[in-house]
1. Out of all the residues in the range 201-220, is one or more under 17 Å from Thr167 (Cβ atoms), in contact (Cβ under 8 Å) with a residue 60 or more places away in the chain and either open to solvent by less than 10 Å² (accessible area, probe 1.4 Å) or not acidic (Asp, Glu) (or both)?
2. Any residue in the range 293-322 that's assigned by TED's automatic domain parsing to the domain that holds Gly334 and touching a residue at least 60 places away in the same chain (Cβ under 8 Å): show its pairings with residues that are among the hydroxyl-bearing types (Ser, Thr, Tyr) and open to solvent by 60 Å² or more (accessible area, probe 1.4 Å) at Cβ separation under 9 Å, as long as the two are six or more apart or on different chains.
3. Among the residues of the range 65-93, which ones are in a helix (DSSP H, G or I), within 12 Å of the ligand (Cβ to nearest atom) and of a type in the set (Val, Ile, Thr)?
4. Does the range 12-25 contain any residue that is at pLDDT 95 or above, assigned by TED's automatic domain parsing to the domain that holds Arg177 and in contact with a Pro (Cβ under 6 Å, 6 or more places away or on another chain)?
5. Are any residues in the range 202-223 closer than 30 Å to Glu147 by Cβ and in contact with a helix residue (DSSP H, G or I) (Cβ under 8 Å, 6 or more places away or on another chain), and if so, which ones?
6. Would you mind finding the one in Leu291, Leu306 that is open to solvent by less than 20 Å² (accessible area, probe 1.4 Å) and either under 24 Å from the mean Cα position of the chain (by Cα) or within 16 Å of the ligand (Cβ to nearest atom) (or both)?
7. Using beta carbons and a limit of 6 Å, which pairs, at least six apart or on different chains, have the first residue in the range 69-92 and under 21 Å from Ala136 (Cα atoms) and the second one within 10 Å of the ligand (Cβ to nearest atom) and open to solvent by 30 Å² or more (accessible area, probe 1.4 Å)?
8. Quick check on Ser166: is it more than 10 Å from the ligand (Cβ to nearest atom), part of a loop (DSSP other than H, G, I, E, B) and buried (at least 24 other Cβ atoms within 10 Å of the Cβ)?
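The values are calculated or read from the model by the stated rules, or taken from the named source; none is laboratory data. Every value quoted in this text rests on a predicted model; they were computed, and no experiment measured them. For neighbour counting, all protein chains shown are included, and Cβ atoms are generated from backbone atoms with ideal geometry for every residue, glycine included. Side chains are part of the model used for accessible areas, which takes the heavy atoms of the whole protein and leaves out ligands, DNA and RNA. Shrake-Rupley method; radii C 1.70, N 1.55, O 1.52, S 1.80 Å.
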Amino acid sequence: MDEIPFLKPLIVPKEAFQDYMEQIDNSRIYSNNGPLNQRLEKQIMEQYFSNDGDAVTVNNATTGLMLAIAHTKRQGKYAIMPSFTFPATPLSALWCGLEPYYIDINPDTWCMDEERLKEALEKLGDKAAVVVPYAAFGVPMRLDFYEVLLQRQIPVVIDAASSFGSTEEIQFGQGFRGAVVFSFHATKSFGIGEGGLIYSGDSGLIKRLRRASNFGFDSGRESRNFGLNGKISEYTAAIGLATLEVFREKIAIRTQIASWYRDALAKYRLLESGWKSQCSEHKIAYQFYPLLCPSGKTNTYFVQKLEAAGIQVRTYFSPPCHRQELFRHHSHTGLSVTDEVSQRMLSLPVWEDIRREQIQRIVRCLSDG
Ligand SMILES: *Cc1c(COP(=O)(O)O)cnc(C)c1O
């Protein structure tokens, strides 16, 4: 029986960026916002954000979150965020000298519950320095609530690590005047190895972040703002440019795989027996396929069952942040939905050359028992 790994990342092959490599050899420019990086940012802005606002590449999303939080936060103590996220979200707040404050999630979208968030903001008042929503697993969550926060001068930095490629015509985040941070890690849909992007509808903000990602240097090479080295090399930009050329096809494949999951869930009647997918009004650029097992059961049972059948899965995000040693002393709202969802969550395999029969085998394995 063939083994089915959880992920099998597929980055563009070396032939696809060979020409760019030669350009680097000729230009002898290897970093510092060189010609390939400029071209990558320009093409992303044209092809994905209709030139609305601006974007700057960063060497990973965690650096992007740190830069964006540090340069948008107001006076205050807390970075308000879900506990149901990857540890990079609370870690980046800690690096900015803020304390995470965890909010429960909505049971359908698995993003922060806006009612709980509203109550917390009222309670915390000006102790809230920044709000950091996470667009769970790439879901194109609605941003109107967060637009209102921005209008009230409450900074918002969106962890959109797995959202590049999500939604139909308009890329998720377009026009949003807070910071939107994407990851280009090998395991994400736009995978290039290590890399990321900060987008904002506010070009002035990106200008400040661009400076901050280069030691805060002004034109006289003096550090003017609180910076670090967040730049990508020209080699990374080359892989990014080659990836852009095939990205629509990559997303179409991932969308197809998700539809195979939906078909198999229907075929084996899993939704009728209490299994649950994520609710989304728009297309998601699936990094993996998240699915909740029926309430009253726990994911560990199914993980063992799948592994025994040669199928490798994960349980993102279990344990959620507030149950991890480093984060457990932080303040939070009630987190009953977070606890329930993380106990029921299975992250199922998605990779670009997975076959339909393999998806059926995975879902069939969940259905009997
Ligand atoms: C992948 C991920 C990150 C980290 O991205 P890097 O580019 O690896 O730093 C942050 N937040 C979430 C929610 C992620 O899924």
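1. We begin by selecting, within the range 201-220, every residue under 17 Å from Thr167 (Cβ atoms); these are 201.
Subsequent filtering for residues that are in contact (Cβ under 8 Å) with a residue 60 or more places away in the chain retains 201.
With either open to solvent by less than 10 Å² (accessible area, probe 1.4 Å) or not acidic (Asp, Glu) (or both) added as a condition, the list becomes 201.
Scanning the range 201-220 turns up at least one residue that is under 17 Å from Thr167 (Cβ atoms), in contact (Cβ under 8 Å) with a residue 60 or more places away in the chain and either open to solvent by less than 10 Å² (accessible area, probe 1.4 Å) or not acidic (Asp, Glu) (or both).
2. Listed by first residue and then by second, the contacts come to Cys293/Tyr301.
3. Residue satisfying the conditions is Thr89 alone.
4. No, that holds for no residue.
5. Leu205, Arg208, Leu209, Ala212, Ser213
6. Working: Leu306 fails: either under 24 Å from the mean Cα position of the chain (by Cα) or within 16 Å of the ligand (Cβ to nearest atom) (or both).
From the options Leu291, Leu306, the qualifying one is Leu291.
7. Partner pairs satisfying both residue conditions: Ala88/Thr62; Ser92/Thr62; Ser92/Met66.
8. yes
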